[in-house]
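The values are calculated or read from the model by the stated rules, or taken from the named source; none is laboratory data. Just so we're clear, the structure is a prediction, and the values are computed from it rather than from any experiment. Glycine gets a Cβ as well: all are built from the backbone with ideal geometry, and neighbour counts include every protein chain shown.
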Amino acid sequence: MITIQGQDKIRIAKSGAHQLFGIDYNTRQSMDNQELIEMFDLLWSIEIEQLILDGYHCKYEEIIKYLAEENKELIDPEQEYRRFRYRKTDFIAQLKLNNQGKYCLTQLLKINSSNIHSQKLEINFSSFEEKELFQSLATTLKMDEQVVSIKLVRLFMNLAYDAIEKDDAQALACLDAWLGEDNGQL
């Protein structure tokens, strides 16, 4: 059994990752402390505690590379860590062992998915309209967005490697100009 201090339940429930609670940040900001504790306790008892207990034991050096910069300062190298997956998102639980040999949860942080999934590529569109245009393209092609994404990336990689391999100056100049248009950001 893992214990959690009331103030930690409130802090995690109020500012924790959206993927953990399924309730958006702004809604959680307007909840009172009792509502936050109840929300946390329900999720904890149904799923999260067992996921942490069954989670992968990590070392400090391993987990620090998974976390966003703003979360790294929250990690105590003297505590223990478990990595687990919930709602398609990876998390780190920081646990402190007390004098009675029981664990107390002190942090519950989302892992940057691009850090743990080395085969994953994240795309940030410059606008919502641009993302909708991409989704429309996938729908028109009758393909899943993920399939379209990987096909586009592979097509680009093949064209670029072909140009490099052939030392095709015209193709390389075209690629260079295309990549330089917006600093490589979609």
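Numbers below:
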read-out: Filter result (within 20 Å of residue 15 (Cα to Cα) and surrounded by 13 or more Cβ atoms within 10 Å (Cβ to Cβ)) within the range 83-104; value: 83, 84, 85, 86, 89, 90, 91, 92, 93, 94, 95, 104
read-out: Qualifying residue in the range 142-153 (condition: of a type in the set (A, V, I, L, M) and more than 31 Å from the chain's Cα centre (by Cα)); value: no
read-out: Unmet requirement for residue 11, which otherwise passes all of (1) part of a loop (DSSP other than H, G, I, E, B); (2) over 16 Å from the mean Cα position of the chain (by Cα); value: (1)
read-out: Selection count where residues are surrounded by 16 or more Cβ atoms within 10 Å (Cβ to Cβ), touching a Phe, Trp or Tyr at 6+ places or on another chain (Cβ under 9 Å) and farther than 16 Å from residue 81 by Cβ, scope the range 37-60; value: 3
read-out: Failed item in (1) hydroxyl-bearing (Ser, Thr, Tyr); (2) more than 17 Å from the chain's Cα centre (by Cα); (3) assigned to a loop (DSSP other than H, G, I, E, B), with residue 27 passing the rest; value: (3)
read-out: Boolean, residue 34 is more than 17 Å from the chain's Cα centre (by Cα), exposed (fewer than 13 other Cβ atoms within 10 Å of the Cβ) and assigned to a helix (DSSP H, G or I); value: yes
read-out: Candidate set from the range 14-24 (those that are out of contact with any strand residue (DSSP E or B) (no Cβ under 9 Å at 6 or more places or on another chain) and not in a helix (DSSP H, G or I)); member that is surrounded by the most Cβ atoms within 10 Å (Cβ to Cβ); value: 23
read-out: Failed criterion for residue 17 (all others in (1) hydrophobic (A, V, I, L, M, F, W, C); (2) touching a Lys or Arg at 6+ places or on another chain (Cβ under 7 Å); (3) free of Cβ contacts under 8 Å to residues at least 60 places away in the same chain hold); value: (3)
read-out: Residue 173, sole failed condition from (1) at pLDDT 85 or above; (2) outside any strand (DSSP E or B); value: (1)
read-out: Selection status of residue 111, modelled with pLDDT under 90, under 23 Å from the mean Cα position of the chain (by Cα), surrounded by 12 or more Cβ atoms within 10 Å (Cβ to Cβ) and of a type in the set (A, V, I, L, M, F, W, C); value: yes
